[in-house]
Amino acid sequence: MNKSDAEWRKSLTPEQYSVLREKATEAPFTGDFVYNEEDGMYTCAGCGVALFASQHKFEAGCGWPSFYDVANSDAVRLVEDRSHGMRRVEVLCKSCDGHLGHVFNDAPDQPTGVRFCINSVALDFKPDQKGEK
């Protein structure tokens, strides 16, 4: 997806732009989807691609929506992130290159052992849509 900065600013809210395009992080426990328990599909707020299925969501207590798997492995791109003096793995939407959050290997009680820690503002939610692996 190839949009200019002006097009991104026009299509996203200021909060979405800050997170998706400038790699900001929303404050913990403030996002719309932290406690969402509805069945459906979480999609990229920037381009609409299906990212995370509700059946993979779990309560990690970290303040952001957490998932133990992606809906489609082709939907995200993982890159090393050494910003802020840390070494992490950033999660990007593969379609629009929007920053979604980070993935951590700290969920041993989950089937994959990983926690995709995702900003609510980077997501939209489609009730009753099912995800596929």
Please list, in order along the range 107-115, the HN-Hα scalar couplings obtained from phi with the Karplus expression 6.51 cos²θ - 1.76 cosθ + 1.60 (θ = phi - 60°), rounded to whole Hz, x for Gly and Pro. 10, x, 8, 9, x, 9, x, 10, 10
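Rounded to the nearest 500, what is the chain's calculated 222 nm mean residue ellipticity when only DSSP H runs of at least 4 contribute -39500 (n - 2.57) each, over all residues?
The helix-only estimate for the chain comes to -2500 deg cm²/dmol at 222 nm.
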Taking Lys and Arg as +1 and Asp and Glu as -1, residues besides Trp8 with C-beta under 14 Å from its C-beta add up to 0
Spatially close lysines, pair count over the chain: Cα under 23 Å, gap of eight or more or interchain: 14
What does DSSP give for the chain in terms of the percent of beta bridges that are antiparallel, rounded to the nearest 5? 100
Based on the mean of other Cβ atoms within 10 Å per residue, sort peptides 116-127, 26-37, 73-84, 50-61 so the most packed one is first. 116-127, 50-61, 26-37, 73-84
Inter-label distance for Ala27 and Val79, nm, one decimal - labels placed 7 Å from Cα along Cα-to-Cβ: 2.9
Going residue by residue through the range 72-84, the Karplus relation 6.51 cos²θ - 1.76 cosθ + 1.60 with θ = phi - 60° gives ³J(HN,Hα) values, rounded to whole Hz and with x marking Gly or Pro, of 8, 4, 7, 8, 10, 10, 10, 9, 5, 10, 10, 6, 6
Starting from the amide H of Ala71, placed 1.01 Å from N in the peptide plane, find each other amide H under 5 Å away whose residue is 5 or more places distant or on another chain. Phe52, Ala53
What residues have an amide H closer than 5 Å to that of Val76, excluding those fewer than 5 places away on the same chain, when H is modeled at 1.01 Å from N in the peptide plane? Lys94
At q = 0.09, 0.14, 0.18 Å⁻¹, what log₁₀ I(q)/I(0) does the chain have when each alpha carbon counts as one equal point scatterer in the Debye sum? -0.23, -0.57, -0.97
Between Cys44, Cys62, Cys96, find the one with the highest GNM mean-square fluctuation for the chain; connect C-alpha pairs within less than 10 Å. Cys62
Accessible area of the chain belonging to carbon and sulfur atoms, whole % at 1.4 Å probe: 47
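Would the range 47-95 count as rounded, prolate or oblate if I go by the C-alpha gyration tensor, calling it rounded below 1.5 in a/c and otherwise prolate when a/b exceeds b/c, oblate otherwise?
oblate
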For Phe125, other-chain or 5+-apart residues with amide H closer than 5 Å (H placed, Pro excluded) are Thr43
Probe 1.4 Å, heavy atoms of protein chains only: per residue, the accessible area of the chain in Å² is 54
Got a sec? Charge dipole of the chain, +1 on Cβ for Lys and Arg, -1 for Asp and Glu; which of Gln110, Ser11, Val121 is way out at the positive end? Ser11
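The values are calculated or read from the model by the stated rules, or taken from the named source; none is laboratory data. A quick note: this is a predicted structure, and the numbers were derived from the prediction, not measured. Heads up, the Cβs are rebuilt from the backbone with ideal geometry, glycines too, and the neighbour counts pull from every protein chain shown. Just so you know, the surface numbers come from the protein's heavy atoms only, side chains and all, with ligands and any DNA or RNA stripped out. Shrake-Rupley method; radii C 1.70, N 1.55, O 1.52, S 1.80 Å.
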